[in-house]
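Everything on this sheet refers to the single structure shown next.
The values are calculated or read from the model by the stated rules, or taken from the named source; none is laboratory data. Bear in mind the structure is a predicted one, so any value in this text is a computation, not a measurement. Positions of Cβ are generated from backbone atoms using ideal geometry, with glycine treated the same way; all protein chains shown enter the neighbour counts.
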Amino acid sequence: MSHHNEAPLLEVSGLRKSFDLSKPFINRVIERSERQLVKAVDGVDFTIQRGQTLSLVGESGCGKSTVAKLIMGLTRPSGGSIRFEGAELAGQVAGKPAHVRRRMQMIFQDPYASLNPRWRVARIIAEPMKSFGTHPDPEARRREVDRLLEFVGLGAADGDKFPHEFSGGQRQRISIARAISTKPEFLVCDEPTSALDVSVQAQILNLMRELQRELGLTYLFISHDLAVVNYISDWIGVMYLGRLVELAPAAEIFAKPQHPYTRLLLDTVPDISMSNRDIERPAGEVPNPITPPPGCHFHPRCPHANARCKTEMPEFIASATGHARCHAVQEGRLSAPTTAPAAAGAV
Amino acid sequence: MRQRVVIALALCAEPRLIIADEPTTALDVSVQAQIIALLRKLCKETGASVILVTHDMGVIAETADRVAVMYAGRVIEVGAVADVLRAPRHPYTAGLMASIPRIGEKPDILPQIDGAMPRLTARPEGCAFNPRCPKQMDICTRLRPGLVEDTQGAVACHLFSKEPAT
Ligand SMILES: Nc1ncnc2c1ncn2[C@@H]1O[C@H](COP(=O)(O)OP(=O)(O)OP(=O)(O)O)[C@@H](O)[C@H]1O
Ligand code: SF4
Ligand SMILES: [Mg+2]
């Protein structure tokens, strides 16, 4: 999927995860209800090269966080494979195998919920070093905590405070310090700036880019904000109802969107230049993931849907810019994409 | 869906004024666009006024006629949306607008406002924004600028005070 010759750091293929929402067997028999499965992730493939950022975008419930949790081993895949530098992680539990897991860390969306409120900041940041045994000596550990605090733009004295003494942006800096404390090479960032306002968001995005340059980090970045993703990414994957529908270099995907859903997303981004204030907005909502539409999941909202789209699932195959999952793209019956305006996503 | 029900309920009483507090924050972009369209249609058809409280500049750009920007508990700039978003006057508004990433632009570093919003119990003397302001002058640390109205709207900043700052 990428044009590099080097082996990718992360390689995800055919990744699947279903959640069983059925009532217990006996209730199903009595009430004659069906089994209910949500295919949260339904066959996702991508690779990330070392030192690069791949972002996943898509509307709420499309499976972005589930992909993140699968990669981190926080939930077990129903199928597919996750290889980190060639080592298979699918099916392994969180934290195992330790020598690989130490090299991967995660930053969560909510900097309020993800820090233990009863722990001082120094203990929060030191926790991964302690559990992975990277700094066995407590004094060396504290010195490292002080260094990390300064590295992310806080002060060594902040280590003695509690999370509630910090603003949202500062807490996200603490999360980042904790995440990089074991010197990971790979960070999964699930909506790290979605709870922050724009001025704080800019600070955190700049910090993440700086860390990437200095430490050579590789990111899987998750967001529903197209402009943020455009700023931070090398590659962008667009998800819809558990499937990747388009994957292409960041520089191209919004300039030359191939898939009708990518085009719809671009059209719906509120535009701060106010140039298309009076245009009609595309209608439709994301369908229920328990009973997704057959064929192409997107067909009920798609202006280009035809009979084939309603029955046959499109394959994820090469497009002009990367990969796309769409019959119309593959049949060449879509008009050339219009160039995106200078729009800003949600802030 | 739930959000639309709430809006429908709010309308039953045929209100003259609707206060919408972050009405689109938890929504998908496509649903968000529909809610924005609904709010605008409503104003046009019923003549109701809306106070929209949000930190989403895109939503403001698409929905509002006028905007009031707040910092540390006070309004610091008021004006027509097009004026404030395209040519912000207060250094805080200017910093906010510059820090928003835009599709089609990819700077090496996003312009950022350094520092953080002060706690309301520890508001700086003078202009509350002065410790973070790139244009800070002497007077800014001593005197709080009032919200001064002019033909374009209003700004609370010594750069725009009628009397030259001394
Ligand atoms: N533990 C779970 N049990 C049952 N269903 C789940 C579970 N976790 C996620 N799901 C379902 O899987 C689908 C994908 O959820 P996921 O959280 O991955 O979406 P997302 O893209 O991260 O959404 P958001 O933008 O709202 O964070 C949703 O339909 C969700 O309801
Ligand atoms: S496969 Fe058909 S329905 Fe799906 S996005 Fe392409 S044209 Fe639309
Ligand atoms: Mg999520």
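Observations on the model:
- Flag for residue A:53 being under 14 Å from the mean Cα position of the chain (by Cα), closer than 29 Å to residue A:252 by Cα and away from ligand 3 (no atom under 16 Å from the Cβ): yes
- Those helices (runs of 4 or more DSSP H) of the range B:43-152 in which at least 2 residues are among the hydroxyl-bearing types (Ser, Thr, Tyr) and within 11 Å of chain A (Cβ to nearest Cβ), considering only elements entirely within it, cover B:91-98.
- Being touching a Lys or Arg at 6+ places or on another chain (Cβ under 8 Å), more than 9 Å from ligand 1 (Cβ to nearest atom) and in contact (Cβ under 8 Å) with a residue 12 or more places away in the chain holds for only one residue in A:42, A:20, and it is A:42.
- Among the numbered conditions (1) at pLDDT below 95; (2) on the phi > 0 side of the Ramachandran plot; (3) surrounded by 14 or more Cβ atoms within 10 Å (Cβ to Cβ); (4) not aromatic (Phe, Trp, Tyr), the only one that residue B:117 does not meet is (2).
- In the range B:137-151, the residues that are within 15 Å of residue B:74 (Cβ to Cβ) reach residues that are at pLDDT below 95 and in a helix (DSSP H, G or I) with C-beta atoms within less than 9 angstrom, at least six apart or across chains, in these pairs: B:145/B:160; B:148/B:160.
- Taking (1) within 16 Å of ligand 3 (Cβ to nearest atom); (2) in a loop (DSSP other than H, G, I, E, B); (3) more than 14 Å from every other protein chain (Cβ to nearest Cβ) in turn, residue A:106 satisfies each apart from (2).
- Output for the range A:82-118, where each listed residue is at pLDDT below 90 and under 19 Å from residue A:196 (Cα atoms): A:108, A:109, A:110, A:111, A:112, A:113, A:114
- Subset of the range A:214-231 [more than 16 Å from ligand 1 (Cβ to nearest atom) and within 18 Å of residue A:65 (Cα to Cα)]: A:218, A:219
- Taking the numbered list (1) assigned to a loop (DSSP other than H, G, I, E, B); (2) farther than 20 Å from residue A:212 by Cα in turn, residue A:140 passes all entries but (1).
Residue-wise test of (1) away from ligand 3 (no atom under 16 Å from the Cβ); (2) of a type outside the set (Phe, Trp, Tyr); (3) under 16 Å from residue A:236 (Cβ atoms).
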site	(1), (2), (3)
A:11	yes, yes, no
A:22	yes, yes, no
A:36	yes, yes, no
A:48	yes, yes, yes
A:67	no, yes, yes
A:72	no, yes, no
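- Looking only at the range A:12-71, and only at residues there that are within 16 Å of ligand 2 (Cβ to nearest atom) and in a loop (DSSP other than H, G, I, E, B), the one that is nearest to the other protein chains (Cβ to nearest Cβ): A:59
- Count of the range A:188-213 residues which are within 16 Å of ligand 3 (Cβ to nearest atom) and away from chain B (no Cβ under 11 Å): 5
- Checking B:94, B:116, B:82 one by one, the residue that is within 29 Å of residue A:212 (Cα to Cα), touching a helix residue (DSSP H, G or I) at 6+ places or on another chain (Cβ under 9 Å) and free of Cβ contacts under 8 Å to residues at least 24 places away in the same chain is B:116 and no other.
- Criterion violated by residue A:347 - all others in (1) outside any loop (DSSP other than H, G, I, E, B); (2) at pLDDT below 95 satisfied: (1)
- Looking across the range A:128-149, just one residue is within 27 Å of the chain's Cα centre (by Cα) and surrounded by fewer than 15 Cβ atoms within 10 Å (Cβ to Cβ), and that is A:131.
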